[in-house]
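The values are calculated or read from the model by the stated rules, or taken from the named source; none is laboratory data. All values derive from a computational prediction rather than experimental measurement. When we count neighbours, we look across all protein chains shown, and the Cβ atoms used for this are built from the backbone with ideal geometry, even at glycine.
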Amino acid sequence: MSKSIKIRKGLDIRIKGDAERSSTEAPLSSTYAIKPTDFHGLIPKLLKRVGDPVKAGTPIFQDKYREDIKYVSPVSGKIQEVKRGAKRKILEVVIEADKEISYEPGAPVDIASLDRETAKEALLSSGLWPFIKMRPIDVVANYTDTPKSIFISGFDSSPLAPDYDYLLYTRDKEFQAGVDILNKLTEGNVNLQLRAKGGADASFTQVKKVVTNKVSGPHPAGNVGPQIHQIDPINKGEVVWTVNAQDVAIIGRCLLTGRHDASKLVALTGSEATNRKYYRIIIGANASDVLNGNSNTDNVRYISGNVLTGSQIEADGYIGFYDSQLTVVPEGNEHKFFLTKGWLEPGFKKLSNNSAYPSKIFGPKKFDVDTNLNGEERAFVVTGEYEKVFPFDIYPVHLIKSVMINDIDSMEKLGIYEVAPEDFALCEFVCTSKINSQEIVREGLDVIHKECM
Amino acid sequence: MKFLRNIFDNAHAKLNKSEKTKKLFPLVDSVDTLMFTPNHTTSGGAHIRDGIDLKRTMMFVILALIPCLLFGMYNVGLQHDLANSTIEWSGVDQFLYGLMKVLPFIVVSYGAGLGVEFIFAIKERSCRSRGIFSFRNVDSTDYAN
């Protein structure tokens, strides 16, 4: 049954640096990388060594505790390097790419003939399983579970987010194929959420076998968390799976063609990016192939993802597995005089959700931002700012505090099962005390995963 | 404001030269962070942050309490005048009387609070704010009687 939901609490962060709706092919990178750090909680077990040849679709590592979940190479070539960090933790598996990609042999899959178990087997064996994540906990889904429903968000409301209608333009067959196989995995519905104001691409509006729900309201309306909370809330013991819309199309394409074609569109955004548009890359591409000549390089921060939930990378780092956006913003590492740019400035151009700054009413349409903390970490003061931007029926401050003191009972009673770190991104943005809420929620979810699930 | 920034940078450099003077870091840091927003950038999580911080929030608390304070000062003078059974002074005189009575309370209470904060910050070698401006602001009406 379709639903129409309104997200009443949240905040649209309007900053400069949108990407224009045009695309180009990024040059083929000389190296690609799959980063185990993109998959939270994963302990990788390497299946290939440095120097081993691989093809697109060849498994290069697997989950140590769930060996059926394979992580495959996006391109053909050979393993160039395995970068390790502290305690020999694997950070990146770097692949030196061939000039022309060759694929693991495979045949197109007849999705209609699959049942649940064979559908899971098809996804696991082709390395497509990591695209599916689960709630609660927000990690790669367990293939032994049966979710009560699957959620796909058809739009992204994050700052400078790519337009999903443009990402999926002419991908309707691939998207339908992805939806078809997702339907095999659940007893319940595959829910697709679109903006209530309409105008979605045909890939979304003409897809079959989904329940289309309409969502209105500010960010985080595009996040699956608030959508699940209002459409099909998770009770204890239940599991819901989520897949990114562009990843659904990748799943569909790989199954229809029988080869691991992991190409996707990525939006280059941010005020320091000069040539802001969409670039076609292969998952795991080197960011320099998109950034070179298309962004400023002096004192900037490169982010794989959006400014709220993305991860910082170097100029020659690798784009994240799940990311459809590269953001370039200026570093704010300079002191600001308190009367002109600091804490006592008039504030007509200062981005803030707080009434202490007149920019909330008299400010520009889009703001300049940098990565300055705008203060320092202070005691966790209750100011009411979290509640203004948190659309769940949960007490966010109490939940954060219960995680900080490691009180599992309180965490469960306060709704830790319903949230993911990305749901607290806006709370972290508006926080007066500059608390790292997302990190704290992630620690709480790790404790819950270890102790209660 | 480059010259002002240079003063603080030089002060920090000189403080860091010996262990004894390092203890005085909270004193310099408190004035430094009063004059300049620190150059700390975000690490992990959200890469951009709201412009609001606790300093501006508390400054607005103080601004909001100033009308109460001014009225309270006037009230001290008015009550003093009434206690003499007749109103002889003008409003300005009443206010000035109240100002003379209330201002020392404010100076002593904030001075004592800040002083204790600094002493413990130096002792514990920690610059954590103890929330001086979170204390209930002294209301001058308390001292009318």
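Which residues, taken from the stretch B:2-30, are within 11 Å of chain A (Cβ to nearest Cβ) and within 20 Å of residue B:122 (Cβ to Cβ)? Hits for the stretch B:2-30 are B:8, B:29.
Of the residues in the stretch A:289-300, how many are among the β-branched types (Val, Ile, Thr) and either more than 14 Å from chain B (Cβ to nearest Cβ) or out of contact with any Pro (no Cβ under 8 Å at 6 or more places or on another chain) (or both)?
The qualifying residues number 2.
For the stretch A:342-355, a residue qualifies if it is modelled with pLDDT under 90 and crowded, with 19+ Cβ neighbours inside 10 Å, and the qualifying residues are A:342, A:343, A:347. Taking residues in the stretch A:379-390 that are closer than 10 Å to residue A:431 by Cβ and more than 11 Å from every other protein chain (Cβ to nearest Cβ), and partners anywhere that are of a type in the set (Gly, Ala, Ser) and part of a helix (DSSP H, G or I), the pairs with Cβ atoms closer than 9 Å and at least 6 places apart or on different chains are A:386/A:437.
Of everything in the stretch A:417-437 that is touching a Gly at 6+ places or on another chain (Cβ under 6 Å) and buried (at least 23 other Cβ atoms within 10 Å of the Cβ), the residue that is nearest to the other protein chains (Cβ to nearest Cβ) is A:428.
Collect the residues in the stretch A:301-317 that are within 14 Å of chain B (Cβ to nearest Cβ) and either assigned to a loop (DSSP other than H, G, I, E, B) or modelled with pLDDT under 95 (or both), keeping them in residue-number order. Result: A:305, A:306, A:307, A:308, A:309, A:310.
For the condition farther than 30 Å from residue A:60 by Cα and surrounded by fewer than 20 Cβ atoms within 10 Å (Cβ to Cβ), residue A:296 qualifies. Only strands (runs of 3 or more DSSP E) whose full extent lies in the stretch A:49-94 are considered here, and the ones with at least 1 residues that are farther than 18 Å from residue A:259 by Cα, free of Cβ contacts under 8 Å to residues at least 60 places away in the same chain and not aliphatic (A, V, I, L, M) are A:59-63, A:77-84.
Taking the stretch A:362-378 as the range and being within 10 Å of chain B (Cβ to nearest Cβ) and either surrounded by fewer than 18 Cβ atoms within 10 Å (Cβ to Cβ) or under 24 Å from residue A:399 (Cα atoms) (or both) as the test, the residues that pass are A:373, A:375, A:376, A:377, A:378. Exactly one residue out of A:281, A:303, A:251 is within 16 Å of the chain's Cα centre (by Cα) and either in the same structural domain as residue A:177 (by TED's automatic domain parsing) or not β-branched (Val, Ile, Thr) (or both): that is A:303.
Restricted to helices (runs of 4 or more DSSP H) entirely inside the stretch B:1-113, those with at least 2 residues that are within 30 Å of residue A:312 (Cβ to Cβ) are B:2-15, B:25-35, B:54-83. Among the candidates B:35, B:59, the residue that is at pLDDT below 85, under 29 Å from residue A:338 (Cβ atoms) and under 25 Å from the mean Cα position of the chain (by Cα) is uniquely B:35. Scanning the stretch A:318-349 for residues that are at the interface with chain B (Cβ under 7 Å from one of its Cβ atoms) and within 27 Å of the chain's Cα centre (by Cα) yields A:329, A:331, A:332, A:333. Among the residues of the stretch A:65-84, none qualifies, meaning not one is over 30 Å from residue A:396 (Cα atoms), within 14 Å of another protein chain (Cβ to nearest Cβ) and under 22 Å from the mean Cα position of the chain (by Cα).
Does any residue of the stretch A:233-241 turn out to be touching a helix residue (DSSP H, G or I) at 6+ places or on another chain (Cβ under 7 Å), buried (at least 23 other Cβ atoms within 10 Å of the Cβ) and modelled with pLDDT of 95 or more? Looking for residues that are touching a helix residue (DSSP H, G or I) at 6+ places or on another chain (Cβ under 7 Å), buried (at least 23 other Cβ atoms within 10 Å of the Cβ) and modelled with pLDDT of 95 or more, one finds at least one in the stretch A:233-241, hence yes. For the stretch A:307-340, filtering for residues that are crowded, with 21+ Cβ neighbours inside 10 Å and among the charged types (D, E, K, R) leaves 1. When the stretch A:204-248 is filtered for residues that are assigned to a helix (DSSP H, G or I), among the aliphatic types (A, V, I, L, M) and more than 10 Å from residue A:151 (Cβ to Cβ), the ones remaining, listed by number, are A:245, A:248.
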